[in-house]
Each structure stands twice: as C-alpha cells, then as structure tokens.
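The values are calculated or read from the model by the stated rules, or taken from the named source; none is laboratory data. None of the values given here were measured: they were computed from a predicted structure. Note: ideal-geometry Cβ built from the backbone for every residue, glycine included; neighbour counts use all protein chains shown.
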Amino acid sequence: MNRAIPYYFLLPALLLLGVFVLYPMAEVVGFSFLHYSFFGPHEFAGLGNYSRLFQDGDFWRTLLNSLLCVLVTPILMAVSLALALSVRHQVHRASGVRLLLFLPVITPVVVVGIMWRWIFNEDTGIINYLLSLLTVRPVHWLTQYPVNLGSVLILTLWRGFGYYMMLFLAGLALIPKEIEEASLLDGVTPWQQATRIILPNLKPTLLFMAVVSSSAAIKLFTEVYVLIPGVPMNNKTLVAFLYRQAFERFDFGYGSAIAVVLFALTFALSAANIRIMEDRA
Amino acid sequence: MTAARRLVLLIASVAAVAPFLWLLSTSLKGAEELFAYPPRLIPSTIVWENYRGVWNAIPMAAYFINTTIVTVTAVTLNLLLSSLAGFAFARFRFRAQRPLFYAVIAAILIPKEVIILPLYAMVLRMHLADSLTGVVLPFAVDGLGIFLMRQAFAAIPREVEDAARVDGASPLRLWWDVMLPMTRPTLATLAIFTFIGAWGDFLWPLVVLKSPEHYTLQVGLSFMTGTFVDNFRYVAAGAVLSLLPVLIVFMLMQKHFERGLFAGSTH
C-alpha cells in the first residue's frame, strides 16, 4: 500500500489546524514582545508590554473579575449536583422536561444576554418590580460594581444549571444500584453514602465539569459585552480588556501580552483541576 | 418522596424556562403595555406587529441568510474534514502518527480567545476581513471533532475492513462507502454540537465582520440593543426569531445531543 495515503486523509484538517490555530499561537507569543500597532511599523519591545501590563490598573481589575467568575464553577456544580440527587430517576423518562432543562445552554449567548438585560433593567425590570413588592429598594443590577458582576454570574449560573444537572444524572446512572442498596443495608448514613460512594464514583463527571466550566468562566466575554456594555473597563473581564486593546485601540503587541496571560491562566486552571481531583482520589 | 422529587423538577424546569416566556411575552406586547404597572406576563392584546417591525427595521433577512451560510458550511466542513482525519488516525499506522496526533491535542488546548488577535491580522493579510469566508475558514475544523471521529472509526471491527479490502475497495471507498455510514451516530452528535456552536458564535464574527449587510444574527442583534434602546419589543422579537432555528434543530436531534453529552462525561 502507498505509504503516503494516510497523509492525504490528514492533509486538509491538519493544514487548517496548523495555519489557523498552531501558527497563530506561536505568533501571539511573538507579537507580545513587539511594539506592534495596526497603524504603525513594529519593533522589538522586549518585556515592555508585560511590564506595562503589570502596572495597568485595568489589567489587575479585569483579571480579578475573571477570577471571580471562576467562583461560579463550584457553586454551579454544587447546585446542579443537589438538584440531580433530589430528582434522581425522575427526569430520564420525559424528553420534554430534558428539553426545557437544556434550553438555556443551547440558546445563543447574545439572546441570553438580551433576555437578562431586560429582566435586570433597573427601572422597569421584572426583578426590581418583584423586589418592590417586598418593599426592597431598586437594585443597580447593571450599573453598580460589583453587583453587575454578580448579575453576570447569575446569568452564567442560570445558563449552566440544567446542563450540569443532566451531566450529573448521567454520571449517577452509571453507579451500580447494588452498591448503593448494599451500603444502606450496612447502616451507612446518607452523608457517608454521598461522600464515600456517590462522589468518588462521580469523579470523571466532576473533573470534566470543573475543567470545562472554569475555563469557560475565565474566558467570559459575550455575557459581559451584551449584559453590561456601557460600564467602565474595570467592571469587566480579561477578555473584554483584550478585546478593547486589540480591536478598539488596535494595540496588537499589548493585546498579545494579555492573550498570553490568558493562555497561561486557562492552562493553569485545567492543570490545577486535574491535580485537585487526583489528590482527592 | 416521589412528590418531593417532582416538585424539585418542576421548580428547576420553571426556572429554566421563565426568562424565555418573559422574552416571548415582551415580543408580543404593544407599546403602551411594555411598561405596564404591574407587569403582565400574558399581554392583554397579542401584537404580532413587532415581528414585522423588526424584520423591516434591520436587514434581518440578510442576517438569517448569512448565519445559515456560515452554519451550514461550518457543519459540513467539520464533519467532512474531521472524519477524514479521524479515519487516518484510527485505521492506519504511519510514521508521523504520534506527533501529528499530539498536534491535534495541542490545538484542542488553545482557546479561540487567545489567538483571535493574530488570526485577525492573518485574515486581513488574506483579504478575508468582512467576509463570511473569513468567519468560517479559520474554525472549519476543530480538534475535538477529529478526536471524536477517531474514536468512532476505531470502534469498527477489523473484519469490516478486511472484507472491504478483499473486495478490492480503495482507501477512499473504504472510508466513504463502508465506514462513514457506520459512524452515523457520532456524525449526528458532532453535527448538532457544531450547529449550536456556529449559530450562536459571537466573538469571532464580531471581530471579522464590519459592514451590516455581512452581519450574522448574533452580531446584528448585539448592535440592535444599542440602536433600539427605546423599543425593546423589537429587540425581543428579533431575539425570539434568531432562537427559533436552534430550537427546531435541537428538537429534531435531541437524542444525538444527549448521547454526546453523556459520552463526554463518562470518558
């Protein structure tokens, strides 16, 4: 058989990945060491972009905000696990109910943002109306930091809970029924059952969710762009800061330095998540 | 016990669906009822006018056509190229197999957000800025798709391949005629995930597209929220319209979506 054949099959896909993913990754690292504006010539900057970045208040604030977004991961996991445990064996039969629970996650983020911007509207929104019935004064859901970051987190939580609940149910369905039943007969308390039997068996699900959810949270952009467009940069996230520098100020060198930091963070998060899970095993 | 479980399930479903109902309700309200106090979930008169209004106020038809082109192309290319590459990784032994597969894994680990800047510079150099080609081409294949298809092809028994070779099938025929139909469930899963991703994609189209007649739905909608600050009924109607295709495709392919989900969580 012709030894070149496998390479013909691989060529189109790997060419695209090489040109549009791997090469740009090398380029972004290279750009981060340049003074490179869209409008002017570029020259070597050494670590100039990074030292500027580490002195930029907006960088530290948006970084802090993005790390705060990651807090949504443990909350999301706890809420969806609690929901999954309390509805076990009920959901799988009704595909209509599953459709409703999946609806938030399949909906385009822009649509979700539009929806919640209306709900959170400070003058006419439904949430402030409901709060007024409880004689609570209007909350500045969209304009006041850090409340508006909290609104972004509420949106994220709402968008993910049904999806993660279904993931947990799938994981729970894999635990052999006999093990749980036998443990109950042995006089194990529900708490012991949860920590010694259910959680260890859910490890692959938990790991998958921790990695996916936290790396999505650190990259949060569209939610912020649509929900709280007008607020100052220091209320926003790291990718919003990257977008501003790269595509509104066209400072490609500086933007690339932000992108490199973002890459380091997503990489560190995935690695950390995997380490934490392995230590618990 | 069962009653309590049903109640939790009911609350969860209502929480998931309530914001959609509120959006739908808003899109069907008249101007005078939009800010009614107290707010009403079911409008006193259903006003379909907002849908025609938004359709005429912005180039909604163009947005729909553009998004459809982008999504259909993205799904077709990802399925085709991922299955070609997945087939090679699963069914051949060749010298550069390991390093090339590591390259695919590396591509999976690189977030889109990290590389959009050099990608945009590249798209400018290639004169693809402000074009749908520029939106689709850079992400026409994703590493995860190759990974999924490799698993699907690897699960096909050796005998199938042997029988096809005895019949004199070329590698291309073995891939297309014999094995690709056997990976149909995985193809369907990949198709629905790619569809949802491409239809709702925002950041990259926002960066690439500059002229309104080239916008996708999500980009157009995001700018509409700025333009129609005083007419949220139009924005709501536009949002509902852009959601409909996702909803229909999802309902048709829910089974495949769920299979992908559960496969992902157990590996």
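Let's see how each residue does on (1) buried (at least 22 other Cβ atoms within 10 Å of the Cβ); (2) within 8 Å of chain B (Cβ to nearest Cβ); (3) basic (Lys, Arg); (4) over 18 Å from the mean Cα position of the chain (by Cα):
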| residue | (1), (2), (3), (4) |
| --- | --- |
| A:100 | no, yes, no, yes |
| A:116 | yes, yes, no, no |
| A:122 | no, no, no, yes |
| A:128 | no, no, no, yes |
| A:135 | no, no, no, yes |
| A:140 | no, no, no, yes |
| A:152 | yes, no, no, no |
| A:160 | yes, no, no, no |
| A:165 | yes, yes, no, no |
Unmet requirement for residue B:66, which otherwise passes all of (1) closer than 19 Å to residue A:121 by Cβ; (2) surrounded by 14 or more Cβ atoms within 10 Å (Cβ to Cβ) | (1)
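Going residue by residue through segment A:177-187, is there one that turns out to be in a helix (DSSP H, G or I), in contact with a Phe, Trp or Tyr (Cβ under 7 Å, 6 or more places away or on another chain) and more than 10 Å from every other protein chain (Cβ to nearest Cβ)? Talk me through it step by step, then tell me what you get.
First, the residues of segment A:177-187 that are in a helix (DSSP H, G or I): A:177-185.
Right, trim to in contact with a Phe, Trp or Tyr (Cβ under 7 Å, 6 or more places away or on another chain) and you get none.
No, segment A:177-187 contains no residue that is in a helix (DSSP H, G or I), in contact with a Phe, Trp or Tyr (Cβ under 7 Å, 6 or more places away or on another chain) and more than 10 Å from every other protein chain (Cβ to nearest Cβ).
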Give the residues of segment A:210-223 that are modelled with pLDDT of 95 or more and either among the β-branched types (Val, Ile, Thr) or farther than 18 Å from residue A:67 by Cβ (or both), sorted by residue number.
-> A:218, A:222
Going through segment B:213-243 one residue at a time, which ones are of a type in the set (S, T, N, Q) and at pLDDT 95 or above?
-> B:216, B:218, B:242
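Farther than 17 Å from residue A:225 by Cα, of a type in the set (Lys, Arg) and assigned to a helix (DSSP H, G or I): which single residue out of A:98, A:137 fits that description? Walk me through how you get there before you give the answer.
Values: A:137 fails: assigned to a helix (DSSP H, G or I).
The conditions single out A:98.
Per-residue answers, yes or no, for (1) hydroxyl-bearing (Ser, Thr, Tyr); (2) over 17 Å from residue A:83 (Cβ atoms); (3) within 30 Å of the chain's Cα centre (by Cα):
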{"residue": "B:9", "(1), (2), (3)": "no, no, yes"}
{"residue": "B:22", "(1), (2), (3)": "no, yes, yes"}
{"residue": "B:35", "(1), (2), (3)": "no, yes, no"}
{"residue": "B:46", "(1), (2), (3)": "no, yes, no"}
{"residue": "B:50", "(1), (2), (3)": "no, yes, yes"}
Return the residue satisfying two criteria in turn: it lies in segment B:6-21 and is surrounded by fewer than 16 Cβ atoms within 10 Å (Cβ to Cβ) and not β-branched (Val, Ile, Thr), and of such residues it is nearest to the other protein chains (Cβ to nearest Cβ).
-> B:6
Residues of segment B:26-41 being surrounded by 17 or more Cβ atoms within 10 Å (Cβ to Cβ) and either assigned to a loop (DSSP other than H, G, I, E, B) or in contact with a His (Cβ under 6 Å, 6 or more places away or on another chain) (or both), which ones?
-> B:28, B:29, B:39
Tally of residues being modelled with pLDDT of 95 or more and part of a helix (DSSP H, G or I) across segment B:194-212 | 13
Of all residues in segment A:61-80, which are within 13 Å of chain B (Cβ to nearest Cβ) and either under 18 Å from residue A:208 (Cβ atoms) or out of contact with any helix residue (DSSP H, G or I) (no Cβ under 7 Å at 6 or more places or on another chain) (or both)?
-> A:77, A:79, A:80
In this structure, is residue A:220 part of a loop (DSSP other than H, G, I, E, B) and in contact with a Ser or Thr (Cβ under 9 Å, 6 or more places away or on another chain)?
-> yes
The number of residues in segment A:224-281 that are aromatic (Phe, Trp, Tyr), at pLDDT 95 or above and not in a helix (DSSP H, G or I) is 0
So which residues in segment B:69-87 are surrounded by 20 or more Cβ atoms within 10 Å (Cβ to Cβ) and more than 15 Å from the chain's Cα centre (by Cα), if there are any at all?
-> B:81, B:82, B:83, B:84, B:85, B:86, B:87
How about segment B:67-103: which of its residues are without any contact (Cβ under 8 Å) to a residue 60 or more places away in the chain, at the interface with another protein chain (Cβ under 7 Å from one of its Cβ atoms) and either within 17 Å of residue B:139 (Cα to Cα) or in contact with a His (Cβ under 9 Å, 6 or more places away or on another chain) (or both)?
-> B:103
Complete set of residues in segment A:228-262 that are within 10 Å of chain B (Cβ to nearest Cβ), in contact (Cβ under 8 Å) with a residue 60 or more places away in the chain and under 19 Å from the mean Cα position of the chain (by Cα) | A:238, A:239, A:258, A:259, A:260, A:261
Within segment B:181-197, identify whether any single residue is of a type in the set (A, V, I, L, M, F, W, C), within 11 Å of chain A (Cβ to nearest Cβ) and more than 30 Å from residue B:244 (Cα to Cα), and answer yes or no.
-> no
How do the pairs read when you match residues in segment B:23-42 that are aliphatic (A, V, I, L, M) with residues anywhere that are part of a loop (DSSP other than H, G, I, E, B), using Cβ under 7 Å and keeping only pairs 6 or more apart or on different chains?
-> B:28/B:43; B:28/B:46; B:28/B:47
